[in-house]
Each structure stands twice: as C-alpha cells, then as structure tokens.
Amino acid sequence: MSIKGVDLLIKCLEAQGVRCIFGMPGVQNLQIYDAIFRRGTEGIAHYLVRHEYAATLMADGFARSTGDVGVALTVPGPGASNAATGLLEAFTDCVPVLLITGQSHSKYYEKNPAKLFHGLDQMSFFKPITKYCAIARNVGEIPEVVAEAFRALRSGRPGPVMLEFPDDVLVDSGKENIPSPVGRTPGPAPEPSAIQAAVEALNQARMPMIFAGSAVIHADAREELRLLAEKLNAPVAVTRCAKGALREDHPLALSHCNRFLARKAMDLADCTLAIGPRFTSIDTRYWDLKPPHPLIQIDEDPREIGSEYPSDFSVVGDLKGILSALIEEIEQRENIWEQPLQGLRKEFAAQPPIPLLSEIRQVLPEEGILSVDVHSIGYATLDEFPVSDPSTFLYPNISVSLGYAFPAALGAKAAHPEKPVVCFTGDGGFMMGSPELSTAVKYDMNVVTIIVNDQALSGIKGSQQKYYDGRIIDTDLQNPDFVEMARSFGAYGRRVDNLADFKSIFQEALSVNRPSLIEVPMAHRQQELIDGTDWLRTELLRV
C-alpha cells in the first residue's frame, strides 16, 4: 500500500507513542503541519509557541514529567538554531527530546548552506549536542530514521535527537512500513565476579554511603535503590538530575550531593557506592568533592567507569539487575548512621528559613509539579524543597539555561492537564519565556507562575560584588508591571505586597482554573537574597 511520505512520518511518530508536539509552522515544515491537521483530533496534538526557544524547553518539561519523549517541530536554520538551547539542556541533563525540522528540496543539498533560504548544515550544527541526528533522504528511510531516533532516545542514558525531512521526500509516496514501538533495552548482564567484589567491599565497610545519579531513574530502579539503602542502612546523596530518586522524606535521604548534609556525611563515611552518577562539574564543584574510598562505581555505560574519579571496584551492566543482586547478597546492616544524621539534620534545620519555599510545599499537593528557574531562591529548592518523585521537580541542572522554568511548566501541563503545575521563577528568567503567556492562554493551560521580582540578575550581581570589588555593571533590571502584563494576555494576576499573604494568594491562584501569575516584589530584600545564595557563600550553612 502506497502512502505519502509526510503521512508515513506522522504514523511512525504515533506508533512510538507521540501524543503532542510543540512548535511553530513555516515554509519548510508546512507539509508536516498539514498532515497533523488532516489526522484530526485522533492524531497528535499541537501547541503553537511564540519562540522556538520555548518549543524544545516545553518538550523537555513534557519529557521530565512523564519519563517519555518530548517532541518539538520547527523550520530549519533559524527555527532550529533558536531551539538548540533546549537540545543543549536536554543533552547535558540526559532528557529524551526530539527536534524535527522540515527542509527545502533535497536537490539543494549540494549548494553552500550559507546561500540558501534558512540555510544551515544542521547535521554539523547538532551532532555535538545530540545522541543521533539524521536526514531522511527518501521515503523508505523515514521509518528507519524514526525507529533509530527512538532507540537513541530510549536506550542507556537518554538524550536529544534531531531529524530533518526534505520537502520532496515528504511529498513523495512509498510503502507504508510502520516500525513497532521501540522500548528501553536493558544493559548487559554484569560479571558475577564484579558483583561479588562489590559485595565484599560493602560488607567490610562500617559506614558506607550511596551516591546516586539519574541513571537510577532511567533504569526504573528507584525501588531497588530504596531497598538497597535500607538493607545497608546507608544514607543516599543524589546528583541534581537524580533529585527525588529516593523520596526526600525518607530517613536515609540526604538530597543534593554537594550540599551540607551530604558533604558532612562524606566526612563520616568510609565507603562510597556510586550508582549511575556522571560526576559533573556542577555536582562536584569542579571535582572538589572527595567521595570516600573505597569507591564502588556501578553504571550501564563502561565509559563512565573511572572517567572522573578513580574507582576501586566497578560493576557494568543493567542497573536494576545489579541492585537486585546486591540486595540479595549483602548483609543486613545495623543503623550506625541514625544518631549522626539526626545531629546533622538538626543543625541544617536551625538555619534562617528561605522565603516562600515552605508555603509552596505546604500548598502544592505531593503529585503537583514544580518547575524552577535559575534565581536566588530557586537555587535553594535543590536542597530545601522536598519531593517524593523526580517527575514532579523540573530544573535546568547542568547547562543551567536561564528562562527554562515557564516553558518547561507548560510542557508538563500539556502532559498532565489534571495535575497542578507551578512555575517558580525570577524576573530575569521569566522575561525570557514571557511571550509563552500567549500559549498558556490560547490552550487554557492553567499553570501558576510565581515571580520573585528582586529587580536584578541577583546571583551574577552577587558575583560582581564578591569577585570584582563591588563593580556592578548591567545586572540591575528594568521590569514591567508583571500583574498588568499577565492580565493583558488574559491571565489571572496578583501581587503579594505582604509575604504573610502569599500562601492564601497562592491557594487562590491554584483554584481559578486559568493561567495565573503571582508577582512577589523583593527588591527591598535583594541583598539578603544575594547573601543567601549557596554558591556565593563560603560556608555550607546560612548564618
């Protein structure tokens, strides 16, 4: 049976479970948009963005909140390059985001891209920040590149993929060949001798601790992590990307690996079981962190073993299987950590409170999703906003893209229309994604956005104060009236003039059932927020 290339593409995407796409139509992708339209309400939903920067960030929010692939669609050239920031964030944070672009007729591939309308050699441009990128050169290749894309998106550590479809390939016809859905392929079986060596090292340790990365989440091994931690009675520190891998109300949860609780626990531990971390610069403060040895490193990717820290023992293979084997083999440990952790938690809790965080946690249901931007209070959420599930907390962890939170929140809302979704952002970050208020209102996406308006790029201003003898240049902001801005789009807007009223205003915003914005003026507390920024402090605790 013959089928038009573009209809084959849409059917291949549907077969892989794609249910929505974020993007913007243009000349070179109109064939794809027309095919989406012709499929009607039974096909893939589409959300129009106002800037392609937001398309891949919305796809990112969709992916993190579901654990499945988020999809963006743009024109080539400037549309794709605008979307590149979202792919970079997905690349560094290991998020399965697929960017699809159209392209001019394939006969123009022999021409210099710099002379073409929307010209860009996209394969060269995107190859360094994707797991896989490809061009479908004919109709027969469409199922192949889509299947290969989803194998890359769903295998090992996830990451972004970019696919390009020339106009003539989309209008041509070919055989209807729809690949079966691609699932996650487990890692290889580990060597029994490697398992045994790890067991012996753990049994000999008096106070082991666990250092968990997001590979635990990708491998669906969160339950095995919990069972192993409880059998070892070992506290669990996590990387940024693994926040919530162990419920943060669990008595063994330490939250982020480079914050107070984890750093102090490392001073006491005599063994580190590293389960799937990548030991990134931002998690280790440029590898200043010193995990206690012996270091036992477990990963599905052999390239990670010893890549940043020398490991004393290593096990390569399917994480879920490895953790199950360890649970079976290790001895049940007495809880030597209980009293030291109680003392550390008491010391941690004695700090001055961070504004807003406790109120947001009290009001937002456990299943609610918080999308956090890069701002003075937002930094603290990594350590001081407890979550029970990683899919309920969205943050640009490694690339740290300013402006991430609002588009990502919209992507999460598209994935979970039944759940409350909150964007927690600063004035600088929100302005980067603020045109998407139009998207929120257009599609009735009742995300609640909380803006901390301290009228500065406060973290960078603090860096200028600290490292450049107080010489301040262009980190103070000129902001609009955010409440009136929201109302002009048709959203609900409120201003918190007294922090004591924030909780009730937040509760009201969650109940109005339309896009809402809450402005929290904090310019009068700007220096306090700067002084409380964790990465600007010399001490682990706020004093």
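The values are calculated or read from the model by the stated rules, or taken from the named source; none is laboratory data. Please read these numbers as outputs of a predicted model, since none were measured by experiment. Ideal geometry is used to build each Cβ from the backbone, glycine not excepted, and the neighbour counts take in all protein chains shown.
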Between residues in region 29-49 that are in the same structural domain as residue 166 (by TED's automatic domain parsing) and more than 21 Å from residue 60 (Cα to Cα) and residues that are loosely packed, with under 14 Cβ neighbours inside 10 Å and among the hydrophobic types (A, V, I, L, M, F, W, C), which pairs lie under 8 Å by C-beta distance while being six or more apart or on different chains?
31/171
Scan of region 252-290 for residues that are of a type in the set (D, E, K, R), over 25 Å from residue 196 (Cα atoms) and touching an Asp or Glu at 6+ places or on another chain (Cβ under 7 Å), ordered by number:
259
Filtering region 169-196 for residues that are under 29 Å from residue 141 (Cβ atoms) and aliphatic (A, V, I, L, M) leaves a count of 5
Close pairs from region 209-222: first not assigned by TED's automatic domain parsing to the domain that holds residue 320 and among the hydrophobic types (A, V, I, L, M, F, W, C), partner modelled with pLDDT of 95 or more and outside any strand (DSSP E or B), Cβ under 9 Å, at least 6 apart:
none
Quick check, is residue 311 of a type in the set (S, T, N, Q) and touching a strand residue (DSSP E or B) at 6+ places or on another chain (Cβ under 7 Å)?
yes
In region 13-30, which residues are surrounded by fewer than 22 Cβ atoms within 10 Å (Cβ to Cβ) and not in a loop (DSSP other than H, G, I, E, B)?
14, 15, 20, 27, 30
Please go through region 461-516 and give me each residue that is under 22 Å from residue 406 (Cα atoms) and touching a residue at least 60 places away in the same chain (Cβ under 8 Å), ordered by number.
502, 503, 506, 507, 509, 510, 512, 513, 514, 515, 516
When residue 333 is evaluated against the numbered criteria (1) under 22 Å from residue 196 (Cβ atoms); (2) among the basic types (Lys, Arg); (3) part of a helix (DSSP H, G or I), which criterion, by number, is the only one it fails?
(3)
Number of the condition not met by residue 460 [criteria: (1) of a type in the set (A, V, I, L, M); (2) crowded, with 24+ Cβ neighbours inside 10 Å; (3) not in a strand (DSSP E or B)]
(2)
Could you list, in sequence order, all residues of region 118-160 that are assigned to a strand (DSSP E or B) and closer than 19 Å to residue 6 by Cβ?
134, 135
For residues that are touching a Leu at 6+ places or on another chain (Cβ under 8 Å) and either assigned to a helix (DSSP H, G or I) or basic (Lys, Arg) (or both), tally how many sit in region 390-405.
2
Could you grab me the full set of residues in region 87-99 that are crowded, with 24+ Cβ neighbours inside 10 Å and either among the polar types (S, T, N, Q) or not in a helix (DSSP H, G or I) (or both)?
95, 96, 97, 98, 99
